[in-house]
Structure formats: C-alpha cells, structure tokens
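Take a look at the structure set out below.
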Amino acid sequence: MEVELREVHDSDLPVFYRQMNDPEAVRMAAFTAPDPADRTAFDAHWKRLRASRDVVRTVLADGDVVGSAAVYGEPGEREVTYWIDRAYWGRGIATAALRALLAAVPERPLYARAAADNAASRRVLEKCGFRLTARARGYAEARGEEIDEVVLALR
C-alpha cells in the first residue's frame, strides 16, 4: 500500500469528522475533543489548525483519505499526532505516515503522548525513533476519567 501525505483539502474534513466519531477509535485515542459529535467545534478546530504555523497533513493510502497527521505546538515543545481510520489499522499506515511527517519536519526534539494502554500507538512511535521519557496522568475526555499516559520524545 502506498502511503503519502498532502495538504488538507476542504473535502477531507467530512472524512476526518466521520473518523473522529468512531466510538472504538475515540476510546483508544482517549485524549479527544470533549464532544467529538459537536460539528461546530470540529469545524472551528480545523479552521484554527489549518490557519496556524503547525504542519497538518492528510494521510492517503493508495490515493484514499485514511487519516491525518500533524506537528503542533510551541518550538521546543512541539508534539506529533495522527489519526488513522480504524478500517486501516494494523497495516503499517500510521508508521509510514509518521515517518513521512518526520522527514518533512526535521526540527527536534518532538514529543508524543498516548494512553498507556494504547500499545499500538506506542509501537508506531517507537518504530519511528521515539523513546519513553515519562509517565503521567491526564484527563481523557473519551473515557470520562483521568488515565495513565506515556510521554515519548524524538531527539
């Protein structure tokens, strides 16, 4: 499967909205918007994100929109994030997309956070060179409670 990144198009947003409302994916991601079904908040978030200096890309697999990947935040504290449609999990797409994103954004360090029980996301990050630097607890909107999380860094 050929994985590539491109600029976000307006036509990608309905796909992202659908993906980010998949209950199983939302639970796995844990740290999500307070109400993923709030379309007004979703649209405002993506408008801000696309207007920022952050690097935000659409993930394509064999030409199909399958998710998004981004680097965001303040210099020295920038984080990576990605979201892949659950129908495409387990195919190496997240790893390929993150590698492409890291090649496009050479600044270091970069950080990532994941729910401690999200082993798949942690594997993706570690395959791309991120290393565990801390453990923390944070409020996970998708789970309605504080949960354990891992913090990883790429130096």
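The values are calculated or read from the model by the stated rules, or taken from the named source; none is laboratory data. No experiment lies behind these values; they were computed from the predicted model shown. For neighbour counting, all protein chains shown are included, and Cβ atoms are generated from backbone atoms with ideal geometry for every residue, glycine included. Accessible surface areas use protein heavy atoms only, side chains included; no ligands, DNA or RNA. Shrake-Rupley method; radii C 1.70, N 1.55, O 1.52, S 1.80 Å.
Points worth noting:
- For the chain, the 222 nm mean residue ellipticity estimated from helices alone, with every DSSP H stretch of n ≥ 4 adding -39500 (n - 2.57) and the total spread over all residues, rounds to -9000 deg cm²/dmol.
- Summing charges over all other residues whose Cβ lies under 11 Å from the Cβ of Thr133, with Lys and Arg as +1 and Asp and Glu as -1, gives +4.
- HN-Hα J in Hz across the stretch 138-146 - Karplus 6.51, -1.76, 1.60, θ = phi - 60°, x for Gly and Pro: x, 6, 9, 3, 5, 10, x, 7, 6
- As a calculated quantity, the FRET efficiency between Ala104 and Glu126 at R0 = 25 Å, using C-beta atoms, amounts to about 0.80.
- Shape analysis of the stretch 106-155 yields a ratio of the Cα radius of gyration to the Kirkwood radius, Rg/Rh, of 1.01.
- Relative protection proxy for 5-18, 70-83, from highest mean packing down: 70-83, 5-18 (other beta-carbon atoms within 10 angstrom).
- Max mean-square fluctuation residue, GNM over the chain, Cα-Cα springs under 10 Å, options Ala44, Ala33, Ala112: Ala44
- On the stretch 24-155, 49 percent of the accessible area sits on carbon and sulfur atoms, based on a 1.4 Å probe.
- At full extension, Ala37 and Met1 could sit 9.9 nm farther apart than now, given 0.36 nm per residue minus the alpha carbon distance.
- Environment charge of Glu4, counting only residues whose C-beta is closer than 15 Å and scoring Lys/Arg +1, Asp/Glu -1: -1
- Under 15 Å from the Arg48 label point (7 Å along Cα→beta-carbon), backbone N, the stretch 61-84: 72-74
- When only alpha carbons are used to place a centre, the stretch 140-155 and the stretch 19-82 end up 16 Å from one another.
- The residues of the chain present an accessible area of 54 Å² per residue when probed at 1.4 Å with all protein chains retained.
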